[in-house]
1. Kindly evaluate residue A:128 against the criterion of being within 13 Å of another protein chain (Cβ to nearest Cβ) and buried (at least 18 other Cβ atoms within 10 Å of the Cβ).
2. Out of the range B:35-63, which residues are in a helix (DSSP H, G or I) and crowded, with 19+ Cβ neighbours inside 10 Å?
3. Which of (1) without any contact (Cβ under 8 Å) to a residue 40 or more places away in the chain; (2) buried (at least 21 other Cβ atoms within 10 Å of the Cβ); (3) more than 24 Å from residue B:234 (Cβ to Cβ) is the odd one out, the single condition residue A:157 does not satisfy?
4. Applying the selection to the range B:64-94, what residues are more than 19 Å from residue B:306 (Cβ to Cβ), surrounded by fewer than 21 Cβ atoms within 10 Å (Cβ to Cβ) and in contact with a strand residue (DSSP E or B) (Cβ under 6 Å, 6 or more places away or on another chain)?
5. Identify the residue in the range A:250-260 that is assigned to a helix (DSSP H, G or I) and more than 7 Å from every other protein chain (Cβ to nearest Cβ) and, among all such residues, is farthest from residue B:129 (Cα to Cα).
6. How many residues are farther than 18 Å from residue A:137 by Cα, more than 23 Å from the chain's Cα centre (by Cα) and facing chain A (nearest Cβ under 8 Å) when one looks only at the range B:209-247?
7. Tell me, please, whether a residue that is under 30 Å from residue B:112 (Cβ atoms), more than 11 Å from chain A (Cβ to nearest Cβ), without any contact (Cβ under 8 Å) to a residue 24 or more places away in the chain and not in a helix (DSSP H, G or I) can be found in the range B:307-327.
8. Do we find a residue being in contact with a strand residue (DSSP E or B) (Cβ under 8 Å, 6 or more places away or on another chain), crowded, with 18+ Cβ neighbours inside 10 Å and more than 19 Å from residue B:293 (Cα to Cα) anywhere in the range B:95-116?
């Protein structure tokens, strides 16, 4: 097992190095660190690691979040993403972990590593916690303009992933919508309902945004624009509720002991609602294992992303998606 | 001032009668109750009211939520919505309050009462609470398939309403989107950005769903499909957070006194996040005062909706929208 780490992407580059080294030590994995060589070497001086398991590949540039991904990929040949993707494409490593620009990762995945044959788009699944079960949302923001056939493709990618990686026998697939009955929604969703109903997917119908968390749907299919609105509004409310409640708690008449007690209790509860606790997520549809970690990942998040990457490699899920798409 | 109440719509018809009577007593208003005459008379027996201020108009049918609104309007001539809308159109009352089917209200508003000349669609504004200020969302679910010109119309309707009813001088208008920079989103939102930027609206740019509650934007413009996803996901998270936190509180090791104290504190806080606390909302774009109350409105909610209706009539906001649209 060999993991490739993009060191130039992400907000905390030293933390990525620390997380990668910790993953190498704890999971006994070979690692390739792709980034500015002098910076990496300087950081390594303070760390305990096994020299035989570590390789450094110099990459002087980085693709920033505000750059046009496709343009930047062509222009910045010496960026860590281009070099790391090329290593993955050449099978020099089993998986790539990056906290860099999502757009650049998607574009690099499509143009350098390549799509799975028969798949048109790559998607980023995101998981929403729930009362009964978690719900995976596809697409969570990679594809802005879609059509019913693409939404069926998203459903297929998600279904195989849930079966093969999460070992869910027959994942329940819902369609995000404004009402539960057939015929609800705009023309995209009305048409997609029909396409999903006629497919081999275990389609359970429309799901309203307010019912996601108390439903047992495993996969929620939607347009990338709507998925992003959904996920970010959840993030916004949680953030608002936390600030609002803690602010009021602080100003309340409760005694200090009660305040501390309630504070601690609330912290634990709201943590469960926070999607950031997961280390990373796979780019589905790409013919390779690319793991997107959060931009602000710290050492622990990167180690968790590495652990996830290892389990993705071991599950062989990309090969299984290929077999499914090719009808094997 | 005379208010028309739709008694057949909504989940709790006796509560609507009670709320209407209470509004008549408290605000000294004439009222018309449109619904099954025998049912209304039976309910009135238990209430204190001024006979001179109350008129009953018999209406035997109701348009249900699951009916096709346009079809039901034509077929159910004896429904409370059709009769109440006709009374409003004929200026027999100043405003109509209904807890019935939103679809039927919108369709009835368009086909019976009529649109404001120059306006293509009717919209339902909904208000999201925030740290700095509240944000009005238009459209919150009336219009599923839109275009940039319609979104500009929504912005205009909202702007005039915020100016004339809420007395906000120059309302800040944002566009719901997946990123803050220009050029983000799908083709509808990219194009709408340009249209809003070139208009006379005080357009402040794209607003991400997670930033709505900590922003000072007065009006958030979006497609009805996306607005509905946004509002229902907020509703879902609040509901989930409440259940989750209260469930854990009940099961926790805290003593009974702390549990009760904490429960009470949380109830107050979460109530602030609940959009249902507002009694009703106006249908903007219609040439008349139609107030939509929640389907599960109780006596208090109906009384609040009536209070809101009176202030809408007094603000003369529909006339002011007409002047604005006609360029006066």
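The values are calculated or read from the model by the stated rules, or taken from the named source; none is laboratory data. Because the structure is predicted, anything quoted here is derived from the model rather than measured. When we count neighbours, we look across all protein chains shown, and the Cβ atoms used for this are built from the backbone with ideal geometry, even at glycine.
1. Against the criterion (within 13 Å of another protein chain (Cβ to nearest Cβ) and buried (at least 18 other Cβ atoms within 10 Å of the Cβ)), residue A:128 qualifies.
2. Applying the first criterion (in a helix (DSSP H, G or I)) to the range B:35-63 yields B:37-44, B:51-53.
Answer for the range B:35-63, where residues must be in a helix (DSSP H, G or I) and crowded, with 19+ Cβ neighbours inside 10 Å: B:40, B:43.
3. (1)
4. B:76, B:78
5. The first filter runs over the range A:250-260 and keeps only residues assigned to a helix (DSSP H, G or I), leaving A:250-251, A:256-260.
Next, only the ones that are more than 7 Å from every other protein chain (Cβ to nearest Cβ) stay: A:250-251, A:256-257, A:259-260.
Values: A:250: 20, A:251: 20, A:256: 29, A:257: 30, A:259: 25, A:260: 27 Å.
My answer is A:257.
6. 4
7. yes
8. Scanning the range B:95-116, I find at least one residue that is in contact with a strand residue (DSSP E or B) (Cβ under 8 Å, 6 or more places away or on another chain), crowded, with 18+ Cβ neighbours inside 10 Å and more than 19 Å from residue B:293 (Cα to Cα), so the answer is yes.
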